[in-house]
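> Structure provided below as structure tokens; questions to follow.
The values are calculated or read from the model by the stated rules, or taken from the named source; none is laboratory data. Computed from a prediction, not measured in an experiment: that's the story for all the values here. Cβ atoms come from the backbone with ideal geometry, glycine included; neighbour counts cover every protein chain shown. Ligands, DNA and RNA are excluded from the accessible area calculation, which covers all protein heavy atoms including side chains. Shrake-Rupley method; radii C 1.70, N 1.55, O 1.52, S 1.80 Å.
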Amino acid sequence: MRLNDKVAIITGAANGIGEAAAKKFVAEGAKVIVADFDEAGAKVAEELGDAARFFKVNVGDEKNAQELAQFAIDQFGTIDILVNNAGITRDAMLQKMTGDQFDQVINVNLKGVFNCTQAVYPTLKEKKSGRIINTSSVSGIYGNVGQTNYAASKAAVVGMTKTWAKEFGRNGVTVNAVAPGFIKTAMVAAMPEKIIEQMEKTISLQSLGNAEDIANAYAFLASDEAKYITGHVLHVDGGIMM
Ligand SMILES: NC(=O)c1ccc[n+]([C@@H]2O[C@H](COP(=O)([O-])OP(=O)(O)OC[C@H]3O[C@@H](n4cnc5c(N)ncnc54)[C@H](O)[C@@H]3O)[C@@H](O)[C@H]2O)c1
């Protein structure tokens, strides 16, 4: 098993991609903190048995992120892997987007990644090893209509990933991002069927991805197999754009 006895915090693990990642990581031998605002995470952790614990967290809250890191240490003794997966959308065309919609997305998708990484990094630095995996998006790489706030946050995640890869490399910590394309989760299910069909036609592999496709990429980047990869943005999008 590729993640034997590693301790991983996965944010946004109550649903969708994060939930699939929690299952994948436990199947690969890891101990997982299912970190989410949504208390459905308690059930996800319960189903995973002794290898998982739920922690209710708002990643946008600095103090809460510190408490999350401490919880992982209290429960499993250390932290090896942080997957900054929690994210939200508040879509609107620019002229209709409110300042509040903009701030909400930035607070979770950008500040949340900053908060959790700042809380976890001291433990990884001390161990001189560790993995940080951030979740960007095709929207952050290519832009997307109606997603000024979301695209900005996900592009910023790429910038932070590369900056931290440079800052943390000397301490044996790798930092990479995964940029999912259109993945079948609640986030995409909310879209009209017709739009989904149109989207599929733009994808080289002609279909949306599954949460497990992203979970597999997280697991690879978290594993020893990826030990010489850092500062990379792995596109897992069925070939939307090349
Ligand atoms: N689904 C896609 O097509 C797609 C595409 C590109 C990128 N992504 C990214 O992948 C990640 C997972 O997305 P998903 O599709 O599984 O979405 P999802 O909505 O199914 O899951 C997101 C999870 O994040 C949690 N969350 C939201 N705000 C939080 C907060 N403040 N603190 C803690 N947890 C919080 C939610 O409760 C939820 O469980 C996100 O970062 C998303 O932006 C998704």
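> Those residues that are in a loop (DSSP other than H, G, I, E, B) and within 15 Å of the ligand (Cβ to nearest atom), I need them from region 25-44; list them, please.
The first filter runs over region 25-44 and keeps only residues in a loop (DSSP other than H, G, I, E, B), leaving 28-30, 37-39.
If the condition is that a residue be in a loop (DSSP other than H, G, I, E, B) and within 15 Å of the ligand (Cβ to nearest atom), then F37, D38, E39 are the ones that fit.
> If the requirement is being within 11 Å of the ligand (Cβ to nearest atom) and of a type outside the set (S, T, N, Q), which of these qualifies: I88, I73? Reasoning before the result, please.
Numbers: I73 fails: within 11 Å of the ligand (Cβ to nearest atom).
Of I88, I73, the one residue that is within 11 Å of the ligand (Cβ to nearest atom) and of a type outside the set (S, T, N, Q) is I88.
> Inside region 133-147, can you point out the residues that are surrounded by 19 or more Cβ atoms within 10 Å (Cβ to Cβ) and touching a Phe, Trp or Tyr at 6+ places or on another chain (Cβ under 9 Å)?
Correct list: I133, N134, T135, S137, V138, S139, G140.
> Return the residues of region 1-24 that are outside any strand (DSSP E or B) and either farther than 18 Å from T185 by Cβ or more than 15 Å from the ligand (Cβ to nearest atom) (or both); say none if nothing qualifies.
Restricting attention to region 1-24, the residues satisfying the condition of being outside any strand (DSSP E or B) are 1-6, 12-24.
Hits for region 1-24 are M1, R2, L3, N4, D5, K6.
> Could you list, in sequence order, the residues of region 172-226 that are more than 10 Å from the ligand (Cβ to nearest atom), part of a helix (DSSP H, G or I), at pLDDT below 95 and open to solvent by 30 Å² or more (accessible area, probe 1.4 Å)?
Residues satisfying the conditions are E193, K194, I195, E197, Q198, E200, K201.
> Given the residues A40, A45, A51, which is the only one that is out of contact with any helix residue (DSSP H, G or I) (no Cβ under 7 Å at 6 or more places or on another chain), among the aliphatic types (A, V, I, L, M) and either open to solvent by 50 Å² or more (accessible area, probe 1.4 Å) or more than 18 Å from A186 (Cβ to Cβ) (or both)?
On the way: A40 fails: either open to solvent by 50 Å² or more (accessible area, probe 1.4 Å) or more than 18 Å from A186 (Cβ to Cβ) (or both); A51 fails: out of contact with any helix residue (DSSP H, G or I) (no Cβ under 7 Å at 6 or more places or on another chain).
None of the others qualify; the one that does is A45.
> I'd like to know if region 102-110 contains one or more residues that are out of contact with any helix residue (DSSP H, G or I) (no Cβ under 8 Å at 6 or more places or on another chain) and open to solvent by less than 10 Å² (accessible area, probe 1.4 Å).
There is no residue in region 102-110 that is out of contact with any helix residue (DSSP H, G or I) (no Cβ under 8 Å at 6 or more places or on another chain) and open to solvent by less than 10 Å² (accessible area, probe 1.4 Å).
> Just give me the residues in region 200-232 being farther than 22 Å from K184 by Cβ and touching a residue at least 24 places away in the same chain (Cβ under 8 Å), in sequence order.
Within region 200-232, the subset farther than 22 Å from K184 by Cβ is 222-232.
If the condition is that a residue be farther than 22 Å from K184 by Cβ and touching a residue at least 24 places away in the same chain (Cβ under 8 Å), then A222, S223, D224, E225, A226, K227, I229, T230, G231, H232 are the ones that fit.
> Moving on to the next point. Can you run down the residue pairs with Cβ atoms below 6 Å, 6 or more apart or on separate chains, where the first is in region 1-23 and free of Cβ contacts under 8 Å to residues at least 24 places away in the same chain and within 18 Å of N134 (Cβ to Cβ) and the partner is assigned to a loop (DSSP other than H, G, I, E, B) and more than 6 Å from the ligand (Cβ to nearest atom)?
Once the first residue is free of Cβ contacts under 8 Å to residues at least 24 places away in the same chain and within 18 Å of N134 (Cβ to Cβ) and sits in region 1-23, no partner that is assigned to a loop (DSSP other than H, G, I, E, B) and more than 6 Å from the ligand (Cβ to nearest atom) comes close enough.
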